[in-house]
Amino acid sequence: MLHVTKSYLPDLKEYVDYLEKIWSSNHLTNDGPLLLELEKKLAEFLEVDNIVFVGNGTIALQLALKAYNVIGDVVTTPFSYCATTNALIWEGCNPVFADIDPISLTVESSQLENKISAKTKAILTTHVYGNAGDLVKQEEIASNAGIPLIYDGAHAFGVKYKGKSIFTYGDITTCSFHATKIFHTVEGGAVITKEKKMAEKVRELRSFGHKGDIYLSAGINGKNSEFHAAMGLANLKHFNQIKGHRRKASELYELSLDKKVQTIQWNPSVERNYSYFPIVGFNNEHLLHIIKCLNEANIFPRRYFYPSLNELPYLLKQACPVSEDIANRILCLPLSASITDAEILEVVKIVNLSY
Ligand SMILES: Cc1ncc(COP(=O)(O)O)c(C=O)c1O
């Protein structure tokens, strides 16, 4: 059975070595030594100034919105995981969807500009699949409007844009370290910002909004534990090898898939992390046919992302025809740090025959 991904696990011994440290420190959570070590190593590895390790990628989004005190209209992408939109709703924001560019599948800059009004309080958009739109233009749009630019970088761990970490663009970026992600801590996430003061604010909000006996704001429990930090420390050592395997697997897909199979185009300014391998069918019926053929061979790709977020049943209708069309036709093929060439060629054989 082949699933859309398989979580990476380091050698058990590497994890147990960290567990022994937890047993000797007896510090299980609340800014323990392993968490501090992970934050330091991640900042060095990603070449970012401040990174705050949190419970998951959804709470990371909520903390970023709360840190900027964003309440009201937020221009956002319809092509992302539902957590991007749900975080807005949980923080009392109103998602205003700007349609995507059919090539990069990230928000189209002119659509973004058109959707900004006097009521807009922020922009929240996703580096979907680790791809990017014109980030310099987006920074300019946000700065002209005088609103924060928040990026959901859940898919973009290790991605570079114009030679530097993609996490250094915009005002604040979040990431998910969920078990299915290219770098994971089982459950986990992070908030990344250039501003030391903003990182301190996120740290405060992450820990109920108080420092000892000084109560500063209505924070939440967004903390993460030493056990999760331990998984991150063990996995980080293998990131380059994991990315290398995924790169080779993606190249084999690209080489062997028939020219008729539509794949997505990567922004040439992006240095990829090979997190996902999406393909696009001719129409919804065709997509369902591809899924059926793969399922019959015990291969389980994922409709990622479906539905287009503007079509979530609990939202008022807004039209985003490009995103709706893509969401009806897109599928992520299996990709992991342990997928074999034979498995890829089996997927390719079935996909090629279904076009
Ligand atoms: C784009 C995007 N944003 C946010 C999240 C939420 O992350 P988490 O599952 O860590 O809460 C995900 C998770 O898949 C995601 O894909």
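Any read-out appearing in this document is the output of simple, stated calculations on the displayed coordinates, not a laboratory observation. All of these numbers come straight from a predicted model, not from anything done at the bench. In this analysis, Cβ positions are derived from the backbone assuming ideal geometry, glycine residues included, and neighbour counts consider all displayed protein chains.
Summary table below
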| item | result |
| --- | --- |
| Taking ASP152, ASP49 and counting other C-beta atoms within 10 Å, the order from fewest to most | ASP49, ASP152 |
| Per DSSP, loop trypsin sites (Lys or Arg not before Pro) in region 1-58 with at most 15 further Cβ within 10 Å | LYS6 |
| Fraction in percent of alpha-carbon pairs per bin - 10 Å, region 221-310 | 12, 32, 31, 20, 5 |
| Computed label-point distance, nm, for sites MET1 and TYR314 using a 7 Å Cα→Cβ extension | 2.9 nm |
| Stretch gain in nm, segment PHE300-ASN30, where the contour uses 0.36 nm per residue and the Cα spacing is subtracted | 93.4 nm |
| Neighbour-limited loop hits for trypsin sites (Lys or Arg not before Pro), region 247-350 (at most 10 other Cβ within 10 Å; DSSP other than H, G, I, E, B) | LYS259, LYS260, LYS317 |
| Cleavage-rule hits, chymotrypsin sites (Phe, Trp or Tyr not before Pro), region 6-60, DSSP coil, Cβ neighbours within 10 Å at most 16 | none |
| All-pairs alpha carbon distance profile, region 10-236, 10 Å steps from 0, percent | 8, 34, 35, 17, 5, 1 |
| Per-residue Cβ neighbour rank within 10 angstrom, fewest leading, MET1, MET231, MET198 | MET1, MET198, MET231 |
| Chain lengthening between HIS210 and ALA342 when straightened (0.36 nm per residue, less Cα-Cα) | 42.2 nm |
| Straight-distance crosslink candidates among lysines, where the alpha carbon sits under 26 Å from LYS237 and sequence neighbours closer than 8 are dropped | LYS6, LYS13, LYS21, LYS40, LYS41, LYS160, LYS162, LYS164, LYS181, LYS194, LYS223, LYS248 |
